[in-house]
């Protein structure tokens, strides 16, 4: 019984081994018959040196050179409105007249009392010259005259406050005040802004403070006016750094003759700093960013391709079918580590790893590894604009 079981067990083992061998041979035959990957089609560009103007970028807010909400100091009923919404006004121009009939009548009464005090003082001085009254009476008359003149001046100032004028030249906003409306002290009548020129306030990090000075040229743009650049100059730099953000506030003056920029708008600000610098540049799509570093694929003739460094990371799966060895006239790629710097639009500066004139893959890197043969097709090129603009409006 035991011998028979051993024979059956041995037969089962032999059968399993034969099945495993057959499956292995079948898999090897399938792998041998699988099509070999051919050259991959990629786009490429030549590394070139381009002059870049260093600049600081920030987002700013437009602020009026002078801007107030015109209000009234005293309560009153609106009699007339002497402006239209959106109108340009000069300094001192009449805007609103409040009802001042009662105040004017009171002023006239006080002026009459002041004139009477002048007459009394003149008459008493004649009597004092004839020694009919004492000096004390003259002093009393003089004090009474000054008091009544002061009351009349106070009332005249009150009447003037019923006439509301523009404190400076500028452009008015939209008003909701109507004739016959009662205004309380502090009620907003209309906004008044001086917007030519106009200020832009923005913040820069403290590490960039040394490259900034008053009078420096800047350009700004707003999404309200596509493809329009506004020029300005730095007019003031704050005397302290915000301890919470470590940023410093900067104010620049921008010419605004067409009144296109309005207070409260945001703007993209670029401040030019220093002299132009030459950088090796590539489209940002050419850079592959990995945890172990940034890389690019450099194109070489097969006969001139360097051997890959042993420490370089694999660019494709190890289980992928091996590519056939390239021929002498083929192009192959080699992965190279690079150090990137500033970016400008679709471009990025390459600080180390490349030299001018090298050919670099700009799209199709995902299917490449060291030594992969490639075919260059530049029918479609990735974006490489230093100042891209939105394609949809």
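Angle, helix 135-161 long axis vs. longest principal axis of the chain, Cα atoms, 0 to 90°, nearest 10?
With both axes taken from Cα atoms, the answer is about 40 degrees.
In µm²/s, what is D for the stretch 182-274 at 37 °C and 0.692 mPa s, where D = kT/(6 pi eta Rh) by Stokes-Einstein and Rh is the Kirkwood radius from Cα pairs?
220 µm²/s
Report the rotationally averaged projected area of the stretch 100-161 based on its alpha-carbon convex hull, in square nanometres.
Mean orientational projected area (the stretch 100-161, Cα hull): 3.8 nm².
What translational diffusion coefficient, to the nearest whole µm²/s, does the stretch 1-117 have by Stokes-Einstein, given a Kirkwood radius computed over alpha-carbon pairs, a temperature of 4 °C and 1.567 mPa s viscosity? Present the calculation step by step, with values, prior to reporting the outcome.
Numbers: Rh = 27.7 Å.
The diffusion coefficient I find is 47 µm²/s.
When the convex hull of the Cα atoms of the chain is projected onto a plane and the area is averaged over all directions, what value comes out in nm²?
44.4 nm²
Take 46, 204, 164 and order them by how many other Cβ atoms sit within 10 Å, fewest up front.
Fewest-to-most ranking of 46, 204, 164: 46, 204, 164.
Given R₀ = 56 Å, what would the calculated FRET efficiency be for residue 158 paired with residue 50, taking r from the Cβ atoms and rounding to 0.05?
Values: r = 69 Å, r/R0 = 1.24.
Given R0 = 56 Å and the Cβ-Cβ separation, E is 0.20.
Just to confirm the number: angle between the C-alpha axis of helix 101-129 and the first principal axis of the chain, 0 to 90 degrees, nearest 10?
Roughly 40 degrees, rounded to the nearest 10.
Return one number: the angle in degrees, 0 to 90 and rounded to the nearest 10, between the long axis of the Cα atoms of helix 2-33 and the longest principal axis of the Cα atoms of the chain.
60 degrees
Considering only DSSP beta bridges whose two residues both sit in the chain, what percent are antiparallel, to the nearest 5?
95 percent
Ranking 245, 41, 72 by Cβ neighbours within 10 Å, fewest first, what do you get?
Details: 245 10, 41 13, 72 20.
The most exposed by this proxy come first: 245, 41, 72.
Provide the packing ranking of 99-110, 332-343, i.e. peptides ordered by the mean count of other C-beta atoms within 10 Å per residue, highest first.
332-343, 99-110
Every number in this text was worked out from the coordinates using simple rules, so none of it is lab data. From a predicted model like this one, the values you see are computed outputs, not experimental measurements. Counting neighbours? That spans all protein chains shown, and the Cβs are built from the backbone with ideal geometry, glycine included.
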